[in-house]
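Novice: Input: one structure, supplied below.
The values are calculated or read from the model by the stated rules, or taken from the named source; none is laboratory data. Everything numeric in this text was worked out from a predicted model, so none of it was measured. As a convention, Cβ positions derive from the backbone with ideal geometry for all residues, glycine included, and neighbour counts pool all protein chains shown. The accessibility values were calculated without ligands, DNA or RNA, using every heavy atom of the protein model including side chains. Shrake-Rupley method; radii C 1.70, N 1.55, O 1.52, S 1.80 Å.
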Amino acid sequence: MLSGCVVYPVNKTLQPEAEILVTDEKGKPIQDAKVTLISNSYPYGFEQMRRSDQTSNGGEASFPEIKEWRTESLMIHGSNVFFWNWCVVKPGFETHTTMWSSGQDFQPQYNVTLTPGESTPCPEEMNKIGRRL
C-alpha cells in the first residue's frame, strides 16, 4: 500500500472452452489436422501458452477452459488481458491462422474450411517487438 498499488486476486481465463470443426471445400470433415489454440496477453503481447489437438474422424477438436488464480495490481500498464488465436495445419492443405488481437474477436465455436495448397507450420512465438524468438 505504501507504493500506491492495490493488489487483488483475480481468476483469469487463460484458455476459454473452445471447439473447432475443420472441413474441406466440399464440406467433408478433415481427420488428423493439427489444431493449435494460442493464448497471448496484453499489455506486453507475449504468448502465454499453446495447446494442440488432432481432429477426430468428424473433423472436430475441442479444448477445455483453463483458469488460474492470479494476483494483479492497479498499475499504469493495467491488468493482464488475454486473447486467443487458432492455427490449423494439415499436409496437402493451406495452413489456416487467425490473427485476432482481442478476446472479443475470438470465436470459441469456430468452423474452418481448408483449401488444397502448401502446408506450413504454425507461426512461432513472437516477442513484444514482433521478432520471432
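Novice: Looking at segment 70-94, which of the residues that are more than 18 Å from residue 108 (Cβ to Cβ), part of a strand (DSSP E or B) and at pLDDT below 90 is nearest to the chain's Cα centre (by Cα)?
Specialist: Among residues in segment 70-94 that are more than 18 Å from residue 108 (Cβ to Cβ), part of a strand (DSSP E or B) and at pLDDT below 90, the one nearest to the chain's Cα centre (by Cα) is 70.
Novice: Of everything in segment 1-56, what is at pLDDT 90 or above, under 16 Å from the mean Cα position of the chain (by Cα) and of a type in the set (Asp, Glu)? Give them in sequence order.
Specialist: The answer is 17, 19, 53.
Novice: For segment 116-127, does any single residue satisfy the condition of being crowded, with 16+ Cβ neighbours inside 10 Å, modelled with pLDDT of 85 or more and of a type outside the set (Gly, Ala, Ser)?
Specialist: Looking through segment 116-127, at least one residue is crowded, with 16+ Cβ neighbours inside 10 Å, modelled with pLDDT of 85 or more and of a type outside the set (Gly, Ala, Ser).
Novice: Among residues belonging to segment 101-115 that are in a loop (DSSP other than H, G, I, E, B) and under 21 Å from residue 28 (Cβ atoms), point out the one that is least open to solvent (accessible area, probe 1.4 Å).
Specialist: Going through the qualifying residues, I end up with 114.
Novice: Residue 60 - would you say it is at pLDDT below 95, more than 13 Å from the chain's Cα centre (by Cα) and acidic (Asp, Glu)?
Specialist: When the stated conditions are applied, residue 60 does not pass them.
Novice: Answer with yes or no whether residue 56 is touching a strand residue (DSSP E or B) at 6+ places or on another chain (Cβ under 6 Å) and either assigned to a loop (DSSP other than H, G, I, E, B) or hydroxyl-bearing (Ser, Thr, Tyr) (or both).
Specialist: No: the conditions fail for residue 56.
Novice: Follow-up question, since we're still on this one. Select from segment 3-38 the residues that are among the charged types (D, E, K, R) and within 22 Å of residue 115 (Cβ to Cβ) and list them in ascending order. Steps first, answer last, please.
Specialist: So the first thing to find is which residues in segment 3-38 are among the charged types (D, E, K, R), and the list is 12, 17, 19, 24-26, 28, 32, 34.
Selection gives 19, 24, 25, 26, 28, 32, 34.
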